[in-house]
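Undergrad: One structure, as structure tokens, below. Some questions next.
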């Protein structure tokens with residue numbers, strides 16, 4: 001399946017004729033669920049097809065639906081100049097928008113084994129990992145420790161600080177994107193440690209999920225992003 | 001694993017309702033106490049400074065019903081994992097930490113929760129252990145076979161006073177559950193200072209007793225609580241809880257006990 005990023009445009013124009021100073025009509029983008037570049041069952045046995053399907057079709061879709069709803073409400077509130085509603089909507093936007101952003105990255109971070117999932121990174125990213133962490137194993141160990149130690153729901157990331165050109169490992173709570181931990185941080189690799197990401201298969205044994213997911217991690221994508229930021 | 005082999009007869013249901021966790025709302029006392037279901041042998045038996053290898057602290061309390069009694073609203077499988085694995089692991093973690101800590105050893109559950117909350121900066125002993133044990137003990141009691149429906153008598157009056165109507169309360173409770181971002185719990189709480197009932201949602205493991213309030217009911221909104229039975233359909237899980245699982249008997253008993261500590265109003269004296 002080809003990855004079609006489908007961002008549809010829907011223009012909302014203002015039909016008001018008034019002498020008041022109105023903002024220019026802005027078009028409101030709505031977002032839709034990106035396709036997975038592989039079948040739901042392609043990541044087995046690391047991640048079951050059932051989880052992939054629920055995760056993609058239900059959870060990610062819900063984030064997108066609620067994100068679109070929040071954006072529409074935000075659009076209205078901005079038009080009306082309703083500041084308190086604008087501020088009130090921020091947490092819903094951060095949560096649902098963050099969920100959309102994070103999961104979109106997540107699908108690209110995974111690949112079936114026969115398409116290179118689990119193959120260690122080479123070239124500049126591989127070299128950067130060895131320099132910064134000593135070895136890929138050491139990075140994996142640290143990621144797993146951070147991921148297992150995360151309280152509640154959240155994500156664990158390998159990112160690059162594009163100012164300092166340094167690799168980082170960070171966690172974010174709930175659906176906060178990596179950029180909330182630092183404006184210069186760009187995510188290379190994110191692992192979803194919300195219970196919905198592993199529960200049906202691993203129950204409460206998050207460390208097993210973390211151990212196994214590395215078999216389907218798509219380092220090629222991470223390398224591309226890294227090279228783009230640190231060229 | 002598995003609770004008692006009782007069938008839920010009428011008398012049995014009343015007995016179950018009485019076996020509730022009697023939480024201790026007095027000020028923390030620092031003396032060594034026997035826990036409600038654990039044995040303490042440390043330092044007593046042999047006169048040595050530290051006891052030998054076998055010490056026991058907290059036990060895994062069984063729910064006041066069999067694991068399949070909540071079917072079809074909460075499956076036996078879900079309870080086997082939620083209680084038998086998650087809750088059990090929390091208890092094990094707690095005991096492991098108590099084994100290493102000389103200060104926390106000897107606290108009651110309530111004291112442990114408040115102490116490890118550390119005024120807003122929860123210690124590791126809080127999240128995966130003390131608070132989660134407390135919260136889950138309370139959760140099993142907040143449910144019963146044949147639950148749901150409505151409270152009556154004084155509790156219903158109080159709900160109507162504080163929320164306007166039972167329907168309003170139910171809406172607020174459901175809304176709180178569905179608007180919770182991430183993992184957490186929803187509570188019906190009696191606020192000590194304001195002397196009224198409120199609905200409160202907390203993140204991760206936070207428990208209203210850290211603010212000195214008195215829980216009446218709770219609902220686990222961590223994904224592990226509903227995922228096996230409902231997948232991502234939170235709304236159905238919450239409405240099923242309200243319709244078929246919530247134990248107003250337990251709530252009334254918690255409320256009755258709470259009224260010993262919070263004066264909810266003047267008694268109605270008849271005017272001669």
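The values are calculated or read from the model by the stated rules, or taken from the named source; none is laboratory data. On a predicted model such as this, the values are computed, not experimentally measured, just so you know. Cβ sites come from the backbone with ideal geometry, for glycine too, and all protein chains shown count toward neighbours.
Undergrad: So which of B:215, B:208 ends up being in contact (Cβ under 8 Å) with a residue 40 or more places away in the chain, surrounded by 18 or more Cβ atoms within 10 Å (Cβ to Cβ) and away from chain A (no Cβ under 14 Å)?
TA: Criteria check complete, one pass: B:215.
Undergrad: Please go through region A:46-55 and pick out each residue that is more than 12 Å from chain B (Cβ to nearest Cβ) and either touching a residue at least 12 places away in the same chain (Cβ under 8 Å) or within 14 Å of residue A:195 (Cα to Cα) (or both).
TA: Scanning region A:46-55 gives A:46, A:47, A:48, A:52.
Undergrad: Which condition from (1) surrounded by fewer than 23 Cβ atoms within 10 Å (Cβ to Cβ); (2) away from every other protein chain (no Cβ under 14 Å); (3) outside any loop (DSSP other than H, G, I, E, B) is the one that residue B:133 breaks?
TA: (1)
Undergrad: Does region B:137-148 contain at least one residue that is assigned to a strand (DSSP E or B) and away from every other protein chain (no Cβ under 13 Å)?
TA: Looking for residues that are assigned to a strand (DSSP E or B) and away from every other protein chain (no Cβ under 13 Å), one finds at least one in region B:137-148, hence yes.
Undergrad: On to the next question. What is the residue count in region B:72-100 for residues that are surrounded by 22 or more Cβ atoms within 10 Å (Cβ to Cβ), within 12 Å of another protein chain (Cβ to nearest Cβ) and closer than 21 Å to residue B:243 by Cβ?
TA: 1
Undergrad: Could I ask something else about it? Filter region B:218-240 for residues that are more than 14 Å from chain A (Cβ to nearest Cβ) and within 15 Å of residue B:172 (Cβ to Cβ) and give the result.
TA: B:218, B:219, B:238, B:239, listed by residue number.
Undergrad: For region A:107-147, what are the residues that are touching a strand residue (DSSP E or B) at 6+ places or on another chain (Cβ under 9 Å) and without any contact (Cβ under 8 Å) to a residue 40 or more places away in the chain?
TA: A:129, A:131, A:132, A:133, A:139, A:142, A:146
Undergrad: I need the full set of residues from region B:101-119 which are at pLDDT 80 or above, farther than 27 Å from residue B:66 by Cβ and assigned to a helix (DSSP H, G or I), in order please.
TA: Across region B:101-119, the qualifying residues are B:110, B:111, B:112, B:113, B:114, B:115, B:116, B:117, B:118.
Undergrad: Within region A:56-96, how many residues are within 14 Å of chain B (Cβ to nearest Cβ) and touching a residue at least 40 places away in the same chain (Cβ under 8 Å)?
TA: 7
Undergrad: Hey, could you check region B:192-205 for residues that are touching a helix residue (DSSP H, G or I) at 6+ places or on another chain (Cβ under 8 Å) and within 14 Å of another protein chain (Cβ to nearest Cβ) and say which is farthest from residue B:133 (Cα to Cα)?
TA: Restricting to residues being touching a helix residue (DSSP H, G or I) at 6+ places or on another chain (Cβ under 8 Å) and within 14 Å of another protein chain (Cβ to nearest Cβ), the top hit is B:201.
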